[in-house]
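Report on one structure; see the data block that follows.
Please treat every number below as a calculation from the coordinates, not as lab data. A quick note: this is a predicted structure, and the numbers were derived from the prediction, not measured. Virtual Cβ from ideal backbone geometry, glycine too; neighbours counted across all protein chains shown.
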Amino acid sequence: MKIWRDKRSEEPLKRMLEFVNAAQRGDFSITLPVTSSGELGELERGLNRLVEEIRTNRDLWEEQKTLQRELKISRGIQATLLPSSLPQVPAMEIETFYRPAIQIGGDYYDFIEIDTNHLGIAIADVSGKSVSGAMLMTLARNTLRAQAMLTLSPQEVLERTQKLLLPNIMSQFFVSIFYAILDKRFNRLVCANAGHPPLLYFRAEAGECEWVRPKGIAVGLSRNGLRPVSSEEKELSLGPGDLAFFYTDGISDTTDIRGKYFGRDRIAEIAVKSAPRGAKAFLADLQEALASHGGDGPQGDDMTGVVLRRLVAPS
Amino acid sequence: MGEMNVDVIKPATRSDLAVIRLSGIVDALTLPDLEKTLHDLMGEKRFNIVVNCQKLKFISSSGMGLFLGILGEVEKQGGAICFSQVLQPEVHDAMNLLGFFDIFPLYNQEVEAVQQCRQRT
């Protein structure tokens, strides 16, 4: 068979070769002129499309890398907002548990040393994840911290927090907050709640749990601020061995492979069994149960918990 | 990640109202579909919206935030958003804890919600 070269196809082929070489070097700025007709023209158009696609993918990849970097920084900033150490309260054990989901989460907890006798304990869950959630979380945390220093009424702290936050929350966002003030002298805990899951209260003497649920709605739900976020306070007195557990719904809403929720009852069961062995033992057993319930599935939401337990006086 | 289905019913006799029947899971993955549905209804001036949750298995806080996000506009236009049949206990619990039903009325039946979901005079 006779192979012959067409003089007319030499120039376009040369240009195509240069084009491919440039792309291999990472130079995607060139567009190949389509000068030929027929199959050669098809080839020129095809090469342009191919390089365009590679360029788009490369840009997306670069963007993705930048985003990942920024997410990492945001996560770092968020981590610094959580208390770096646990407050020391005589005759009390305090332990925490924080496991964010893969994205940046919107959970936080906080301890506020109001004065020598009073410790503020806050736990909150911000709707929305990622950067928007983290920003609202930062705003909510700092607002609440500032207000906590001004009054010993947790209900009032939540009301003031809502008032200050409302103008700055975009309409689709809200934040649930459980806030309590511990009077260290009398082991008394005064609680208020803005739409957050209830507090678990384990009473050692009775060996029973109850749920403490002061009435209230999440901050940001009542856009005009006409409805109070917190409409009552509840007070409990921590006896020896009593335990209070603040948590976010990432714990109770952990689902197993069939979609069955971990549930609040399960948390109470674990408290009854493990709380007598201390705050650390309760958290360890809870985490173990959560891990076995959730299995290898992805963690859908942040899980946050704060445990407060009054030590049993040595006999 | 689960699936979500949104059935939108637009009654011939009520050009101001739409019923959304939500089923499955409203999470980050399915959120955009629901957002588009609500946005379209706003565009059609259907400012009275009944959300039937009979088959809703899960809704994330961002999903609830969608309804909150349009509530201001809906109310400005004299409309309302009502819910019916939030049957899944965990879904009901999550919405109730937040105080969602203090803001959005909840009815046992869709037909009842449709009757009550009217422009205020």
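Quick look at the numbers
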quantity: Fewest-first sequence of A:ARG258, A:ARG310 by Cβ atoms within 10 Å of each Cβ; calculated: A:ARG258, A:ARG310
quantity: Exposure proxy order (Cβ contacts within 10 Å, fewest to most) of A:SER237, A:SER222; calculated: A:SER237, A:SER222
quantity: Lysine pairs in chain A with Cα atoms under 28 Å, if 8 or more residues apart or on separate chains; calculated: 18
quantity: Fewest-first sequence of A:ARG264, A:ARG49, A:ARG309, A:ARG55 by Cβ atoms within 10 Å of each Cβ; calculated: A:ARG49, A:ARG55, A:ARG264, A:ARG309
quantity: Cα centroid separation, region A:68-134 to region B:8-73 (Å); calculated: 33
quantity: Top positive-direction residue, dipole computed over region A:82-310 with Cβ charges, set A:TYR247, A:ASN117, A:VAL272; calculated: A:ASN117
quantity: Listed residues A:LEU164, A:LEU199, A:LEU50: farthest to the positive end of the dipole of chain A (Cβ charges); calculated: A:LEU50
quantity: 10 Å binning of all Cα-Cα separations within the protein assembly as shown, expressed as whole percents from 0 upward; calculated: 4, 18, 24, 20, 13, 9, 6, 4, 2, 1, 0
quantity: Overall form of region A:82-310 per C-alpha gyration tensor (a/c, 1.5; a/b vs b/c); calculated: oblate
quantity: Highest-fluctuation residue, A:ALA284, A:ALA134, A:ALA194 considered, GNM on chain A with Cα pairs under 10 Å; calculated: A:ALA284
quantity: Partnerless cysteines, meaning none of the other Cys C-beta atoms lie under 4.7 Å away, in chain B; calculated: B:CYS53
quantity: Number of partner chain Cβ atoms within 10 Å, mean per residue of B:91-100; calculated: 6
quantity: Under Karplus coefficients 6.51, -1.76 and 1.60, residue-wise ³J(HN,Hα) of region B:86-96 in Hz, glycine/proline x; calculated: 7, 8, 4, x, 5, 5, 4, 4, 4, 5, 5
quantity: Size of electric dipole in region A:82-310: Cβ of Lys, Arg +1 and of Asp, Glu -1, about Cα centre, debye, nearest 20; calculated: 320
quantity: For chain A, with +1 on Lys and Arg beta carbons and -1 on Asp and Glu, the positive-most of A:GLY128, A:SER230, A:PRO90 along the dipole; calculated: A:GLY128
